[in-house]
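Below: the structure, in structure tokens.
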Ligand code: SF4
């Protein structure tokens, strides 16, 4: 990844435009063409985007996503490295017990509640799904600690479904790129599902998350290195002078 623009730096606009193809003008393209252009560029830049949580099975993915609520992927990976060595199946997780799981995930926020959910969902997987993670939204959302966002991640990443989990990054990028509006993650998810062409749906979730995490950052969007800047209509877009400090416009992420 390129380095972040130095706060206060104000490179001449002509240089930025030459380097990034960026533009201060609003694209005149109708929405479908703009969306096509945005996702074509994401696809060209990163044809096989990957999430940043470590896992090696649908079960370890499910646990990692449950643990990641209000925590960073790096923090979760640090904890799960040892946890998954000790337990990588529902039965092994049950054998560890709640206090055993707590011991591995103490560095993650809300760890007591998360450990409780890990044990309860492992039990439910054994009781109702033969120890397997179900390939089914309703069954996933019935698991302790699993909400729509977690179910979407598992359906997309483990089972290849064209679902789209809306976390804080996706919520922000969808608004800035004016792909979808709404006050809740569910409204934004529904809006995105309407405008993103099917051919891009498999990876749309990861492209939007990675763009939000590394480029279209909340307080200082890195418009000078953004590959879709000329297709962006955001009022937060900048090209001259120091990047603005932007008031948070993030919605509450769902579990
Ligand atoms: S980084 Fe800037 S130009 Fe790119 S999508 Fe975000 S606000 Fe728009």
Inset, instruction - Inspect the stretch 187-195 for any residue being surrounded by 17 or more Cβ atoms within 10 Å (Cβ to Cβ) and more than 16 Å from the ligand (Cβ to nearest atom) and give the result as yes or no. - result: yes
Legend entry - Subset of the stretch 213-225 that is within 8 Å of the ligand (Cβ to nearest atom) and under 20 Å from residue 51 (Cα atoms) - its residue that is surrounded by the most Cβ atoms within 10 Å (Cβ to Cβ): 216
Inset, instruction - Please verify whether the stretch 190-200 includes one or more residues that are assigned to a helix (DSSP H, G or I) and under 13 Å from the mean Cα position of the chain (by Cα). - result: no
Legend entry - Segments classed as helices (runs of 4 or more DSSP H), wholly inside the stretch 67-169, with at least 2 members that are at pLDDT 95 or above, over 24 Å from the mean Cα position of the chain (by Cα) and not assigned by TED's automatic domain parsing to the domain that holds residue 201: 73-86, 90-105, 111-129
Legend entry - Top-ranked residue of the stretch 136-181 - restricted to ones that are surrounded by fewer than 19 Cβ atoms within 10 Å (Cβ to Cβ), more than 24 Å from residue 56 (Cβ to Cβ) and without any contact (Cβ under 8 Å) to a residue 40 or more places away in the chain, ranked as nearest to the ligand (Cβ to nearest atom): 181
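The values are calculated or read from the model by the stated rules, or taken from the named source; none is laboratory data. Only a predicted model underlies this, so the values are computations on that prediction, with no experimental measurement involved. A quick note on method: Cβ atoms are made from the backbone with ideal geometry, for glycine too, and the neighbour counts reach across all protein chains shown.
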